[in-house]
1. Tell me, please, whether a residue that is at pLDDT 95 or above, touching a strand residue (DSSP E or B) at 6+ places or on another chain (Cβ under 6 Å) and not in a strand (DSSP E or B) can be found in region 170-188.
2. Would a scan of region 285-306 turn up a residue that is more than 19 Å from the chain's Cα centre (by Cα), in a strand (DSSP E or B), on the phi < 0 side of the Ramachandran plot and modelled with pLDDT of 95 or more?
3. Tell me which residues, restricted to region 140-155, are in a loop (DSSP other than H, G, I, E, B) and either out of contact with any strand residue (DSSP E or B) (no Cβ under 8 Å at 6 or more places or on another chain) or under 23 Å from residue 57 (Cα atoms) (or both).
4. Could you list, in sequence order, all residues of region 31-40 that are within 20 Å of the chain's Cα centre (by Cα) and either at pLDDT below 95 or farther than 20 Å from residue 108 by Cβ (or both)?
5. Would you call residue 310 touching a residue at least 12 places away in the same chain (Cβ under 8 Å), in contact with a helix residue (DSSP H, G or I) (Cβ under 9 Å, 6 or more places away or on another chain), surrounded by 15 or more Cβ atoms within 10 Å (Cβ to Cβ) and assigned to a strand (DSSP E or B)?
6. Would you confirm, using the coordinates I've provided, whether residue 158 is buried (at least 23 other Cβ atoms within 10 Å of the Cβ) and touching a strand residue (DSSP E or B) at 6+ places or on another chain (Cβ under 9 Å)?
7. Could you please let me know if residue 233 is buried (at least 23 other Cβ atoms within 10 Å of the Cβ), in contact (Cβ under 8 Å) with a residue 24 or more places away in the chain and in a strand (DSSP E or B)?
8. Residue by residue through region 41-72, note down the ones that are more than 16 Å from residue 181 (Cα to Cα), more than 13 Å from the chain's Cα centre (by Cα) and part of a strand (DSSP E or B).
């Protein structure tokens with residue numbers, strides 16, 4: 001288990017090697033892309049927002065992985081088991097998107113042809129605005145969404161080392177952000193609000209990954225006992241990693257090892273979550289399953305993801321046990337990803 005990071009500063013030296021690793025509740029270390037000593041194709045940077053309620057949602061992803069950059073909008077209807085994405089690509093980007101060096105500041109603007117994907121800070125709100133006219137054979141998808149991030153809330157931050165000292169992942173996961181706004185698909189409008197249980201999480205990554213990488217990531221946000229509650233469970237790569245945390249009443253409760261299992265022959269069976277120390281005992285009952293596969297030359301990716309409701313129990317840092325009941329309607333997802341990139 002990694003140690004908690006307490007002091008601000010850089011985590012790379014001038015040779016591009018990790019000098020600090022560990023976990024924190026805020027982005028206290030500085031990401032400096034100019035210190036990285038590797039080919040631009042090896043640098044992977046992305047901002048991924050998962051925004052949903054139990055009926056529908058959207059993934060808003062922008063990334064630059066060196067070979068190319070993409071802005072993606074992926075719509076999901078959990079009731080009809082339908083999902084579709086639309087995107088625009090810039091080839092041989094090599095960091096030219098200039099994604100912010102911090103998740104806590106910096107705006108993003110992407111435009112290609114008639115499509116655009118924009119993010120900006122407005123006080124304590126993350127504002128996302130997009131328009132992709134090609135969606136659904138010309139129906140188009142557009143949206144304006146506001147995500148409230150309480151400045152006092154904890155997040156999950158981690159610097160993860162690999163065997164090669166020039167490889168690392170610097171990551172922040174922000175859960176439990178209430179969402180307001182709407183998305184339009186043609187003439188249909190879909191509203192997001194606390195009244196229909198709409199929440200968002202951010203997966204912010206700046207990294208130099210090995211060519212072959214796999215991970216398991218699970219996240220949920222909602223309310224338990226009428227208070228904000230969520231979690232981030234994330235493991236499967238690096239030689240040291242501590243990316244597991246519960247969030248309750250805006251406070252983070254760090255966890256040691258957590259794992260989950262599923263039945264590959266029947267993905268709709270409950271996914272089981274547990275930890276050796278007994279602090280996590282949960283079940284995810286899937287409502288919607290997604291499978292994706294990319295196989296283009298030397299780039300390959302396989303992703304299996306389940307969305308549904310969580311129940312079970314968790315133990316906070318002070319020993320308090322929280323029971324997650326069906327009536328809490330804690331909605332989230334869990335995935336398994338294998339990449340060659």
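1. no
2. The answer is yes, given that some residue of region 285-306 is more than 19 Å from the chain's Cα centre (by Cα), in a strand (DSSP E or B), on the phi < 0 side of the Ramachandran plot and modelled with pLDDT of 95 or more.
3. Of all residues in region 140-155, those in a loop (DSSP other than H, G, I, E, B) come to 140, 149-155.
Within region 140-155, 140, 149, 150, 151, 152, 155 qualify.
4. Of region 31-40, the ones within 20 Å of the chain's Cα centre (by Cα) are 31.
Those that are within 20 Å of the chain's Cα centre (by Cα) and either at pLDDT below 95 or farther than 20 Å from residue 108 by Cβ (or both): none in region 31-40.
5. Numbers: touching a residue at least 12 places away in the same chain (Cβ under 8 Å): yes; in contact with a helix residue (DSSP H, G or I) (Cβ under 9 Å, 6 or more places away or on another chain): yes; surrounded by 15 or more Cβ atoms within 10 Å (Cβ to Cβ): yes; assigned to a strand (DSSP E or B): yes.
In short, yes.
6. Numbers: buried (at least 23 other Cβ atoms within 10 Å of the Cβ): yes; touching a strand residue (DSSP E or B) at 6+ places or on another chain (Cβ under 9 Å): yes.
Taking the combined requirement at face value, the residue satisfies it.
7. yes
8. 43, 44, 64, 68, 69, 70, 71, 72
The values are calculated or read from the model by the stated rules, or taken from the named source; none is laboratory data. Because the structure is a prediction, the values reported are computed rather than measured. FYI the Cβ positions are ideal-geometry reconstructions off the backbone, even for glycines, and counts take in every protein chain you see.
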